[in-house]
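**Student:** After the structure tokens below, expect a handful of questions from me.
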Amino acid sequence: MELLLIGMSRFAQRRVLPAAASIPEVETINVVSSHVGAEALRRVPKLGTVYTNWSEALTVARPGLVYVSLVNSDHARVVRCALDHGHHVVVDKPGLPDPDTAEEMVSLARSSSLVIAEATCYSFHPVFAAVESVLADLDAEVTKALAVFTPPVPADDWRYDRAKGGGALLDTGPYAVSLGRVLWGAEPERIHVIVGDRTAAALETSYSMLAGYPGGRTVVGQFGFTTAYQNMVRLMGNGFTIEVERLFSALPGMPVDLRVQAGDQVYAHTVEPADSMRVFLAEVLAAADKGSQNFEVPLLSDARSLARLTRAASVSPEAEIP
């Protein structure tokens with residue numbers, strides 16, 4: 001199958017292209033970009049055709065897998081066009097602007113037996129299998145999660161532009177709202193948000209979240225752009241804690257350490273390096289081959305939860321007090 005990468009974002013160059021190139025089933029990588037230089041294009045593995053217009057590319061390219069890595073405000077129209085032209089689609093987080101659009105795109109994909117997936121690929125890392133193994137040994141379950149994720153964003157980045165779909169809620173919100181789904185297969189029953197920092201244009205650049213899930217489970221988190229880089233998740237239950245560094249974005253060549261504290265015992269467990277993007281893309285290709293719709297459920301679930309997160313952020317803290 002051919003891959004058509006629409007948008008040469010930093011993330012696409014750093015993570016998507018190497019992962020796709022390492023998958024034998026990806027024969028050719030075609031690229032759409034109107035600004036990237038010749039030197040960057042020479043570094044694209046398996047390079048095929050280079051387009052400057054995504055509409056033209058989707059029209060003339062042989063149906064295959066499209067990866068959309070554009071500003072958030074462009075996602076919906078590009079995804080719709082790709083599906084209309086018979087392409088399977090992967091789209092960067094947040095995939096689509098609202099639950100209604102997500103439902104529309106899923107229906108469109110389903111009507112043509114196409115795969116549509118949001119690139120929430122951190123959940124494909126084998127660290128989660130390692131966590132399950134630790135829990136089995138402890139005969140325990142996670143009931144609480146504490147997450148801190150503050151990735152750096154350059155001052156000139158489009159994520160500081162509201163018109164392009166910027167802001168910390170949309171950029172890190174997919175991680176915040178998907179963690180409970182990954183851990184428990186559930187959506188939050190309630191979400192409370194306190195916005196911390198804002199730009200001069202009132203765009204949210206940091207926030208705190210408390211999400212409640214069925215059975216009294218909770219996710220508490222701090223997310224945003226404004227502190228030093230942090231990427232940590234602490235999973236807790238009756239008598240134990242499992243701390244994981246870089247859970248949301250483990251680098252392909254980096255081992256991941258679990259620090260386990262159970263009672264008065266403390267020990268470490270190391271997970272071998274893995275490329276979660278590669279595993280994710282391979283699963284997407286397998287779904288395309290089988291006509292599977294496995295990726296629709298998480299896409300729709302996270303779209304609903306992200307909408308609840310953004311609504312909660314618009315409610316003043318005083319309104320939450322009885």
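The values are calculated or read from the model by the stated rules, or taken from the named source; none is laboratory data. All of these numbers come straight from a predicted model, not from anything done at the bench. Using ideal geometry, Cβ is built from the backbone for each residue, glycine included, and neighbour counts are taken over all protein chains shown.
**Student:** Can you pull out every residue in the stretch 84-122 that is part of a loop (DSSP other than H, G, I, E, B), acidic (Asp, Glu) and surrounded by 24 or more Cβ atoms within 10 Å (Cβ to Cβ)? Before the answer, list the steps.
**Tutor:** Let us first name the residues in the stretch 84-122 that are part of a loop (DSSP other than H, G, I, E, B), namely 85-87, 92-98, 112-115, 119-120.
Next, only the ones that are acidic (Asp, Glu) stay: 92, 98.
Answer for the stretch 84-122, where residues must be part of a loop (DSSP other than H, G, I, E, B), acidic (Asp, Glu) and surrounded by 24 or more Cβ atoms within 10 Å (Cβ to Cβ): there is none.
**Student:** Please verify whether residue 270 is within 21 Å of residue 127 (Cα to Cα), among the hydroxyl-bearing types (Ser, Thr, Tyr) and touching a strand residue (DSSP E or B) at 6+ places or on another chain (Cβ under 6 Å), treating the condition exactly as stated.
**Tutor:** Working: within 21 Å of residue 127 (Cα to Cα): yes; among the hydroxyl-bearing types (Ser, Thr, Tyr): yes; touching a strand residue (DSSP E or B) at 6+ places or on another chain (Cβ under 6 Å): yes.
Spelling it out, residue 270 is indeed within 21 Å of residue 127 (Cα to Cα), among the hydroxyl-bearing types (Ser, Thr, Tyr) and touching a strand residue (DSSP E or B) at 6+ places or on another chain (Cβ under 6 Å).
**Student:** Out of (1) in a strand (DSSP E or B); (2) modelled with pLDDT under 95, the odd one out for residue 29 is which?
**Tutor:** Going through (1) in a strand (DSSP E or B); (2) modelled with pLDDT under 95 one by one, residue 29 breaks only (2).
**Student:** Looking at the stretch 224-280, which of its residues are in a strand (DSSP E or B) and without any contact (Cβ under 8 Å) to a residue 12 or more places away in the chain?
**Tutor:** 265, 266, 267, 268
**Student:** Taking the stretch 1-53, which residues are crowded, with 17+ Cβ neighbours inside 10 Å and over 25 Å from the mean Cα position of the chain (by Cα)?
**Tutor:** Scanning the stretch 1-53 gives a single hit, 51.
**Student:** Residue by residue through the stretch 137-165, note down the ones that are touching a Lys or Arg at 6+ places or on another chain (Cβ under 6 Å) and either in a loop (DSSP other than H, G, I, E, B) or among the aliphatic types (A, V, I, L, M) (or both).
**Tutor:** 143, 146, 153
**Student:** Same structure, new question: Please enumerate the residues belonging to the stretch 137-177 that are under 19 Å from the mean Cα position of the chain (by Cα) and closer than 23 Å to residue 260 by Cβ.
**Tutor:** Matches in the stretch 137-177: 145, 146, 147, 148, 149, 175.
**Student:** Just to be sure I understand, how many residues within the stretch 131-148 are touching a Ser or Thr at 6+ places or on another chain (Cβ under 9 Å) and small (Gly, Ala, Ser)?
**Tutor:** Looking only at that region, the number is 1.
**Student:** Here is a list of conditions, (1) of a type in the set (S, T, N, Q); (2) more than 23 Å from residue 168 (Cα to Cα); (3) surrounded by fewer than 17 Cβ atoms within 10 Å (Cβ to Cβ), and residue 73 meets all of them except one; can you say which number that is?
**Tutor:** (2)
**Student:** If you don't mind, there's one more thing I want to ask. Restricting to the stretch 35-82, what's the tally of residues that are part of a loop (DSSP other than H, G, I, E, B) and either out of contact with any helix residue (DSSP H, G or I) (no Cβ under 9 Å at 6 or more places or on another chain) or within 25 Å of residue 286 (Cα to Cα) (or both)? Give the derivation first.
**Tutor:** Of all residues in the stretch 35-82, those part of a loop (DSSP other than H, G, I, E, B) come to 35-37, 43-46, 52-53, 61-64, 69-71.
In the following step, the residues that additionally are either out of contact with any helix residue (DSSP H, G or I) (no Cβ under 9 Å at 6 or more places or on another chain) or within 25 Å of residue 286 (Cα to Cα) (or both) were identified as 35, 37, 44-46, 52-53, 61-64, 69-70.
Matching residues across the stretch 35-82 total 13.
**Student:** Still on this model: Any idea which of 297, 284 is part of a helix (DSSP H, G or I), modelled with pLDDT of 95 or more, loosely packed, with under 13 Cβ neighbours inside 10 Å and out of contact with any Lys or Arg (no Cβ under 6 Å at 6 or more places or on another chain)?
**Tutor:** It is 297.
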